[in-house]
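Comments concern the structure below.
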Amino acid sequence: MRQSANHRPGANIKNMYRRVFWVLAASLSTAAASDVRIVEEIVAKVNGDIITRGEIEHTRQQIEGDMRQQGLSGAKLQQAMRDKGGDALRDQIDQLLLVQKAKDLNLDVDSEVTKRMAEIQVQSKITDPDKFHEFIREETGMSFEDFKQQMKNQLLTQRVIGQEISSRISIPEAEKRKYYEAHKNDFMRQEQVFLQQILVSTEGKTPEQVAAAEKKAKDLSARARRGEKFTDLVLTNSDDLETARNGGELPPFKRGQLLKQIEDVVFKEKKGYVTDPIRVPNGFLILRVQERFEPGLPTYEEVADQIADRMAMPEMQPKVRAYLTKLRQEAFLEIKAGYVDSGAAPGKDTAWKDVAQLKPQTITKEEVAAKKRKKKLLFIPIPGTSAASKPTGNSTTAPANSPGTAPPATTPAPSNP
């Protein structure tokens, strides 16, 4: 007698696996659908890269921070943010285009990034990598990798502008001299000195430790005089972390602003002079004269570079803007409705053309585990079943959007550690 399909060998096992699979798939899909949330919104696509709403907000915060440092607050700050806050998307697009151009030009700043990160680590006096990464997060509000990438992007941007624009601006010598003669009052100087310092602290130290600190300070002074780079000595030896971050640089001083024992030395020495250790209340101070200006009008040769920068600036800004407009015209660029690029190229179609986007599932440890279990179930061998009859997955089709409405493009939330 012929057996029915449900009673053939292996049929019970096959049906059991199928029931388990579809029950699990349905329950997982239901749970995921109930926990869908938009974590980040893509607002622009620039060639192969994207810009998110979070990045725009971060740029706006930086703009606001710069304005606060300039002393703006209250109604003036609000007005300035209305004027400049609209440039946040433009600035993000600018940087992406310049970084992409740097790649096209095969520009490499990795060694400079490594050097600068090493300098920051030396200044922080943190040798443990994990603790240093946490230090960066606390100081900047960014992960170590994000901070490092931001630094790289800034250096690449500067390199492209320097190579493609600045190097091609030439101010004739006659025009620079003419500018000097017409603006002499702008270059008049008061007597002042620019210094770098190394501080070897004696705070809380025993007499023996103070003696060791003095010996160290004398050694550092001798090394600097023998030609070792003062900035490097600052980074590895100065106990004043605040100035060590800037290579030991101090603000300019006029006469009467320094201790007399220091003033008597630094105001009579030339650029590059390194002092003997000077005893101060909190330690031993080693100073280097970075620059010293006599009162009066400097010579043309002394300010020629400064004049060139001043004269190039009005020409630089429109040239940079024109260059970025050209990059926009050549780029694949789409911007979501509701966001405006204040540096848009005239006539460039940047309309968002995505018809629909799937909303991502929130990624949690439980869902990751569920996905793994689901994948295992998909590949359980079922006796007597061909590959064509196996389930191909539990992908579900996102619900259609209401007519005329395109959902925000999104990126999935990162998994919890």
Breaking point among (1) assigned to a helix (DSSP H, G or I); (2) open to solvent by less than 80 Å² (accessible area, probe 1.4 Å); (3) more than 21 Å from ASP264 (Cβ to Cβ), for ALA217: (3)
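Residue check: is GLY247 at pLDDT below 95 and either assigned to a helix (DSSP H, G or I) or open to solvent by 70 Å² or more (accessible area, probe 1.4 Å) (or both)?
Working: at pLDDT below 95: yes; either assigned to a helix (DSSP H, G or I) or open to solvent by 70 Å² or more (accessible area, probe 1.4 Å) (or both): no.
The answer is no for GLY247.
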Contacts under 9 angstrom Cβ, first residue in the range 200-228 being touching a residue at least 12 places away in the same chain (Cβ under 8 Å) and among the β-branched types (Val, Ile, Thr), partner loosely packed, with under 13 Cβ neighbours inside 10 Å and part of a helix (DSSP H, G or I), 6 or more apart: THR202/GLN209
Test for ILE93: is it of a type outside the set (Gly, Ala, Ser), open to solvent by 50 Å² or more (accessible area, probe 1.4 Å) and closer than 24 Å to SER342 by Cβ: no
Residues of the range 302-316 classified as farther than 29 Å from VAL234 by Cβ and loosely packed, with under 12 Cβ neighbours inside 10 Å, total: 2
Subset of the range 177-199 (residues that are under 36 Å from the mean Cα position of the chain (by Cα) and touching a residue at least 12 places away in the same chain (Cβ under 8 Å)): PHE187, GLN192, VAL193, PHE194, LEU195, GLN196, GLN197, ILE198, LEU199
Per-region count, the range 221-254, residues of a type in the set (Lys, Arg) and touching a helix residue (DSSP H, G or I) at 6+ places or on another chain (Cβ under 9 Å): 2
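What number of residues in the range 273-301 are open to solvent by 30 Å² or more (accessible area, probe 1.4 Å) and either hydroxyl-bearing (Ser, Thr, Tyr) or not in a helix (DSSP H, G or I) (or both)?
Selection size over the range 273-301: 15.
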Residue, nearest to ASN246 (Cα to Cα), within the range 120-141, restricted to residues that are open to solvent by 100 Å² or more (accessible area, probe 1.4 Å) and acidic (Asp, Glu): GLU139
Residue tally, condition closer than 30 Å to THR206 by Cβ and part of a helix (DSSP H, G or I), over the range 250-272: 4
Single residue of GLU249, GLU242 found to be under 30 Å from ILE136 (Cα atoms) and either in contact (Cβ under 8 Å) with a residue 12 or more places away in the chain or more than 37 Å from the chain's Cα centre (by Cα) (or both): GLU249
Selection from the range 317-342 of residues that are of a type in the set (Gly, Ala, Ser) and either under 19 Å from GLY48 (Cα atoms) or crowded, with 17+ Cβ neighbours inside 10 Å (or both): ALA331
Scope the range 113-138; condition in a loop (DSSP other than H, G, I, E, B) and of a type in the set (Val, Ile, Thr); matching residues: ILE126, THR127
Unmet requirement for VAL113, which otherwise passes all of (1) over 14 Å from the mean Cα position of the chain (by Cα); (2) among the β-branched types (Val, Ile, Thr); (3) over 21 Å from GLY248 (Cβ atoms): (1)
Test result for ILE38, modelled with pLDDT under 85 and part of a loop (DSSP other than H, G, I, E, B): yes
Whichever residue in the range 56-78 is open to solvent by less than 70 Å² (accessible area, probe 1.4 Å) and within 17 Å of the chain's Cα centre (by Cα) and, among such residues, is farthest from PHE332 (Cα to Cα): GLY65
Pair list, Cβ < 7 Å and 6+ apart or interchain, from the range 285-309 residues that are of a type in the set (Phe, Trp, Tyr) to residues that are surrounded by fewer than 16 Cβ atoms within 10 Å (Cβ to Cβ): PHE293/ARG189; PHE293/GLU191; TYR300/ARG177
Positions within the range 84-112 being of a type in the set (Val, Ile, Thr) and part of a helix (DSSP H, G or I), in sequence order: ILE93, VAL99
Of the criteria (1) in a loop (DSSP other than H, G, I, E, B); (2) out of contact with any Phe, Trp or Tyr (no Cβ under 9 Å at 6 or more places or on another chain), which one GLN209 fails: (1)
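The values are calculated or read from the model by the stated rules, or taken from the named source; none is laboratory data. Everything numeric in this text was worked out from a predicted model, so none of it was measured. Every residue, glycine among them, receives a Cβ derived from its backbone with ideal geometry; neighbour counts consider all protein chains shown. Surface areas here come from the heavy atoms of the whole protein model, side chains and all, with no ligands, DNA or RNA. Shrake-Rupley method; radii C 1.70, N 1.55, O 1.52, S 1.80 Å.
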